[in-house]
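J.: Structure provided below as structure tokens; questions to follow.
The values are calculated or read from the model by the stated rules, or taken from the named source; none is laboratory data. For clarity, every value in this text was computed on a predicted model and none was experimentally measured. Reconstructed Cβ throughout: ideal geometry from the backbone, glycine too, with neighbour counts over all protein chains shown. What goes into the accessible areas is simple: the full protein's heavy atoms, side chains included, and nothing from ligands, DNA or RNA. Shrake-Rupley method; radii C 1.70, N 1.55, O 1.52, S 1.80 Å.
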Amino acid sequence: MKLEVTHTILAMEPDLEKSSGHVLRFLDRTTLVHYDAVRVVADQSCSATDPRFWPWLEQGLADNHRVLTQLLRELRAAGTKEFSDLLAMPQGFQSKIFHTMAHLLDGFFGIDSQFYSLPEDSHWLGESLRKQIEASPEEFWLVTVVATLESPTHHTIAGLRSFEK
């Protein structure tokens, strides 16, 4: 069984070639997930000068928010309703959901990252960087990649995934 995931990654580089290289080096070095293969989807990548840039970036942010909302639903369904419930949370499925949520909030890239900002090491877009992109759009690219795990049943993080897009 093969699992494919798509990530949209913001890079601060002058062209697609350099942006793609930056993204691929990042994915090769990230510690949480190691893919068997990663390919850049050039026709779904664009500079901030492209009219598709902001809608795609906003969609990526909304997708990250959707993932967090779904994880929160799963955590609540498993019995964690309030912060005080964390003290009694069993190690296992619930703690893994919480762990994934924490990574999305603290900027640690993982399999559930829909949009990721390399300049800020974040799943979000800070106001300062938004202004920087608006001021110098030629310096920023969204790079879409499709990453593959050949055997997700043997990959701890992928095996925990209970939902798809």
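J.: Ignoring any ligand, DNA or RNA, what whole percent of the accessible area of the chain comes from carbon and sulfur when the probe is 1.4 angstrom? Before the final figure, lay out each step's value.
T.: Numbers: 4800 of 8870 Å².
C and S fraction of accessible area: 54 percent.
J.: Also, I was wondering about something else. Give me the angle, in degrees from 0 to 90, between the Cα long axis of helix 53-77 and the longest principal axis of the Cα atoms of the chain, rounded to the nearest 10.
T.: 0
J.: Let me check the size of the range 1-65 from its C-alpha atoms; what are the radius of gyration and Dmax in Å?
T.: 12.7, 39
J.: Given the rule -39500 (n - 2.57) for each run of at least 4 DSSP H residues, summed and divided by the residues of the chain, what is its mean residue ellipticity at 222 nm, to the nearest 500 deg cm²/dmol?
T.: Value at 222 nm, helices only, nearest 500: -13000 deg cm²/dmol.
J.: Loop only per DSSP, at most 10 neighbouring Cβ atoms within 10 Å: give me the trypsin sites (Lys or Arg not before Pro) in the range 1-89, ordered by residue number.
T.: Filter output for the range 1-89: 2, 81.
J.: Shifting gears a bit: Would you report the distance distribution of C-alpha pairs in the chain as whole percents per 5 angstrom bin, up to the bin with the largest distance?
T.: Histogramming the chain at 5 Å steps yields 1, 8, 18, 20, 19, 14, 9, 6, 3, 1 percent.
J.: For the range 1-140, with the dipole built from +1 on Lys and Arg beta-carbon atoms and -1 on Asp and Glu ones, taken about the Cα centre, which of 34, 65, 78 lies farthest toward the positive end?
T.: Towards the positive end, the residue furthest out is 78.
J.: Please list, or write none, the aspartates and glutamates whose alpha carbon is within less than 15 Å of the alpha carbon of residue 131, excluding same-chain residues fewer than 8 places away.
T.: 58, 120, 139
J.: Can you tell me the orientation of helix 16-29 relative to the chain, as the angle in degrees between its alpha-carbon axis and the longest Cα principal axis, to the nearest 10?
T.: 30
J.: With a 1.4 Å probe and every protein chain left in place, work out the accessible area per residue of the range 70-144 in Å², rounded to a whole number.
T.: Ligands and nucleic acids excluded, the figure is 53 Å² per residue.
J.: Follow-up. Under a Cβ-only charge scheme (Lys and Arg +1, Asp and Glu -1), can you give me the dipole magnitude of the range 1-158 about the Cα centre, in debye to the nearest 20?
T.: That gives the range 1-158 a dipole magnitude of about 500 debye.
J.: Using the Cα centre of the chain as origin and beta-carbon charges of +1 (Lys, Arg) and -1 (Asp, Glu), tell me which of 1, 93, 109 is placed farthest towards the positive end of the dipole.
T.: Ranked along the dipole, the leading option is 93.
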